[in-house]
Amino acid sequence: MLEAYDVLVVGAGQAGVQVADSLRKGGFAGTVGIINAEDSLPYERPPLSKAFLRGEAEIDDFLFHNADWYAQHDIDLIAPATVESVDAEGHVAMLEDGQRISWGRLIWAAGGRARKLSLPGAELAGVLSLRTHQDAADLRQRVGTAHRAVIIGGGYIGLEAAAAFATLGLDVTVIEAQDRLLARVTCNAVSDFYLDLHRKHDTTVLLASGIERIVGENGNASGVELLDGTLLPADIVLVGVGLIPNVEPLAAAGATVTNGLEVDECFRTSLPDVFAIGDCVNIAHPFAADSRVRLESVPNANEHGKALAEVLLGVDQAPPSPPWFWSHQFDVKLQTVGLQTGHDDAVIRGDVESGKFSVVYLREGRVIALDCINSVADFAQGKQLVKNGVHASASELADTAVPLKAHLATVKTP
Ligand code: FAD
C-alpha cells in the first residue's frame, strides 16, 4: 500500500473493479489503489442468490479476476480495510485502523448494505441478510440442517433465495407487506406470474402481511410472528427488504445525498475531486421518468465504471444505454430493459400461461420498458425500441406474429 494514489477507489464491487480495469485499458499510467471492506478477492454478487446458494458454484467460479491480475495491472487491492472518514479538502481518506491514504481523485464505489428490520427480535442470531459472500456462505451452511425457511420480503433477492431453498427441498414461506410480489419494479401481470410460479413449487406466499416480531429460543431466531398472531416456525429467517447506500463517510464530509450520492453527468459529487459510481449513486438518467434515479444492477455499475474512466481519461463518454436487469428463479429467466415507472399502458405479448411472454410498457405511446420472461428475442429487440423511443400501438405490440424489431422501421433517421 502506498501513502498516496493518483486514483483511490473505495469499494471493490462491480463498479470499483470496472473503473480500475477501464482506466488501465484506456492507458492510465498513474497509481491506482482499491480499498475494500470485504476479506475476499472481489467477486460478482448475482450468483450468491442463485448457483452459490444452491451449492452449485463456489466463489472462485465468480471472481472478477484472480489475485495475479491486480498485480499485473499495477492495481493495489487493499483489503480488508474500511474507509471511516474522508477529508475532502485535504484529499485524505482515513481507515478504520487509523491509517491515512492521500489521493488525487477519489472514486466512491461503496455500494450498499442490506436494510435491517426494526422489529422486536430483529437482532437475534440467525436473522440473516444476503448481500455478501459471507452472508451467502452463512445461509448455505444453515441450509444443510434446516427444514423450514421464512423469507421476509418478496423482491428479487427474497424470491431468488426462495427458489434456491425450494429447489433444495426446504419448506419455504415468503412474507410480503405489499399486496403483490415485486410491487416496486413490475406490473400486476408479472407479479401474478411469479406468485403462481412460487406457489407451484409449494412455497407459501403471504401477501399484505405484517410482522409483529421475530421469535427466538436461547438467543437464536426460531420463527416469525405475524400481526394476526400466526406463528411461523423457522430454521432460517432471511430478510430481503432492500438496500441502504453506503454513503456516510462522504455525507459527513459534506457531499450532497438524496437516496444515494448526488452526482452530475460526469459522476462528480459536490466535493472537489470526489466521484461516485454504482449502487450508491443518484444520477440523472435519460431513460428515467423522474430524471434522477439510483439503480441497483450489474449493467448499471459496469456502465458507470466505464463511463467514469472515459471522463478521467478525457475521451468522449458513450451515451447512457437503457438500464437493464435480469433475475433467475427456477427455470424462469426474466430480463428487463428500461424503467417502467410512469408508464400509462402495459401490453402483454404472448401467453402468460405458457411461461414465455413479455410485457411492453408505454408512456404516451412510446415504448419505455419491457419485462421479458423466457423471451430472449423480445429482450434483444425490445432494447432497441426503448433506446430509440419507438412509438407503436398496443395492438401491434401485442401481435407475436410480428417481431418487435419490425417496429424499428418507424424510427426516423435524422
Ligand atoms: P457493491 O457490489 O455493493 O460493492 C461495494 C463494495 O464496497 C463492497 O464490497 C463493500 O464491502 C465495499 N465498501 C463499502 N463501504 C466501504 C468503505 N467505507 N470502505 C471500504 N470498502 C467499502 N444485479 C443484476 O443486474 N442481476 C442480478 O441477477 C443480481 N443479483 C443479485 C443478487 C444478490 C444476492 C445481490 C446482493 C445483488 C444482486 N444484483 C444483481 C445487484 C448487483 O450485484 C449490484 O447492483 C452490484 O453489485 C453493485 O455494484 P457496486 O460496485 O455498486 O456495489
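Could you please let me know if I214 is within 16 Å of the ligand (Cβ to nearest atom), surrounded by 22 or more Cβ atoms within 10 Å (Cβ to Cβ), among the β-branched types (V, I, T) and not in a loop (DSSP other than H, G, I, E, B)?
In short, no.
Could you please tell me which pairs satisfy a Cβ distance under 6 Å, a separation of 6+ or placement on different chains, a first residue in region 269-285 that is closer than 22 Å to D6 by Cα and near the ligand (Cβ under 9 Å from one of its atoms), and a second residue that is of a type in the set (S, T, Y) and assigned to a helix (DSSP H, G or I)?
none
Just to be sure I understand, how many residues within region 11-55 are closer than 17 Å to R105 by Cβ, more than 6 Å from the ligand (Cβ to nearest atom) and part of a helix (DSSP H, G or I)?
8
May I ask you to verify whether V174 is out of contact with any helix residue (DSSP H, G or I) (no Cβ under 7 Å at 6 or more places or on another chain), under 19 Å from E212 (Cα atoms) and part of a strand (DSSP E or B)? Break it down into steps so the answer makes sense when it comes.
Values: out of contact with any helix residue (DSSP H, G or I) (no Cβ under 7 Å at 6 or more places or on another chain): no; under 19 Å from E212 (Cα atoms): yes; part of a strand (DSSP E or B): yes.
It is false that V174 is out of contact with any helix residue (DSSP H, G or I) (no Cβ under 7 Å at 6 or more places or on another chain), under 19 Å from E212 (Cα atoms) and part of a strand (DSSP E or B).
Here are some residues: G111, G126, G121, G154. Which one is crowded, with 23+ Cβ neighbours inside 10 Å, touching a strand residue (DSSP E or B) at 6+ places or on another chain (Cβ under 8 Å), on the phi > 0 side of the Ramachandran plot and not hydroxyl-bearing (S, T, Y)?
Step by step, each of G111, G126, G121, G154 is checked, and only G111 is crowded, with 23+ Cβ neighbours inside 10 Å, touching a strand residue (DSSP E or B) at 6+ places or on another chain (Cβ under 8 Å), on the phi > 0 side of the Ramachandran plot and not hydroxyl-bearing (S, T, Y).
Would you mention how many residues in region 96-139 are assigned to a strand (DSSP E or B) and within 30 Å of E176 (Cα to Cα)?
Within region 96-139, residues that are assigned to a strand (DSSP E or B) and within 30 Å of E176 (Cα to Cα) number 6.
Is it the case that some residue within region 190-201 is farther than 26 Å from G338 by Cβ and touching a strand residue (DSSP E or B) at 6+ places or on another chain (Cβ under 9 Å)?
Looking through region 190-201, at least one residue is farther than 26 Å from G338 by Cβ and touching a strand residue (DSSP E or B) at 6+ places or on another chain (Cβ under 9 Å).
Within region 103-149, how many residues turn out to be within 26 Å of A29 (Cβ to Cβ), out of contact with any helix residue (DSSP H, G or I) (no Cβ under 9 Å at 6 or more places or on another chain) and within 16 Å of the ligand (Cβ to nearest atom)?
So the answer is 1.
Hey, can you tell me all the residues within region 53-86 that are touching a helix residue (DSSP H, G or I) at 6+ places or on another chain (Cβ under 8 Å) and of a type outside the set (A, V, I, L, M)?
Within region 53-86, R54, G55, D61, F62, F64, H65, H73, D74, D76, E84, S85 meet the criteria.
Across region 376-402, which residue is farthest from S321 (Cα to Cα) among those that are free of Cβ contacts under 8 Å to residues at least 40 places away in the same chain and hydroxyl-bearing (S, T, Y)?
That would be S395.
Identify the single condition in (1) surrounded by fewer than 16 Cβ atoms within 10 Å (Cβ to Cβ); (2) touching a Gly at 6+ places or on another chain (Cβ under 9 Å); (3) of a type outside the set (D, E) that T204 does not satisfy, given that it satisfies every other one.
(2)
If you go through region 284-305 one residue at a time, how many are more than 21 Å from A114 (Cα to Cα) and either buried (at least 21 other Cβ atoms within 10 Å of the Cβ) or of a type in the set (F, W, Y) (or both)?
Total meeting the criteria: 4.
Take the conditions of a type in the set (D, E) and in contact with a helix residue (DSSP H, G or I) (Cβ under 9 Å, 6 or more places away or on another chain) and apply them to D378. Does it pass?
Details: of a type in the set (D, E): yes; in contact with a helix residue (DSSP H, G or I) (Cβ under 9 Å, 6 or more places away or on another chain): yes.
Answer is yes for this residue.
Only one of (1) over 18 Å from R115 (Cα atoms); (2) in contact (Cβ under 8 Å) with a residue 60 or more places away in the chain; (3) not hydroxyl-bearing (S, T, Y) is not met by R180, so which one is it?
(2)
In region 259-268, how many are surrounded by fewer than 15 Cβ atoms within 10 Å (Cβ to Cβ) and either within 18 Å of the chain's Cα centre (by Cα) or within 12 Å of the ligand (Cβ to nearest atom) (or both)?
So the first thing to find is which residues in region 259-268 are surrounded by fewer than 15 Cβ atoms within 10 Å (Cβ to Cβ), and the list is 259, 264-266.
Filter once more, keeping what is either within 18 Å of the chain's Cα centre (by Cα) or within 12 Å of the ligand (Cβ to nearest atom) (or both): 259.
Matching residues across region 259-268 total 1.
Where residues in region 69-100 are touching a Gly at 6+ places or on another chain (Cβ under 7 Å) and hydrophobic (A, V, I, L, M, F, W, C), which of them is nearest to the ligand (Cβ to nearest atom)?
This residue is I78.
Check whether at least one residue in region 318-341 is of a type in the set (V, I, T), away from the ligand (no atom under 13 Å from the Cβ) and within 21 Å of G26 (Cα to Cα), and report yes or no.
no
Here is a list of conditions, (1) farther than 25 Å from Q18 by Cβ; (2) touching a residue at least 40 places away in the same chain (Cβ under 8 Å), and V86 meets all of them except one; can you say which number that is?
Result: V86 fails condition (1) only.
Somewhere in region 356-370, is a residue exposed (fewer than 14 other Cβ atoms within 10 Å of the Cβ), out of contact with any strand residue (DSSP E or B) (no Cβ under 9 Å at 6 or more places or on another chain) and not in a helix (DSSP H, G or I)?
The answer is no; no qualifying residue exists.
Readers should treat all values here as calculations from the given coordinates under stated rules, not as data from a laboratory. These numbers come from a predicted model, not from an experiment. Note that each Cβ is placed from the backbone with ideal geometry, even for glycine, and that neighbours are counted across all protein chains shown.
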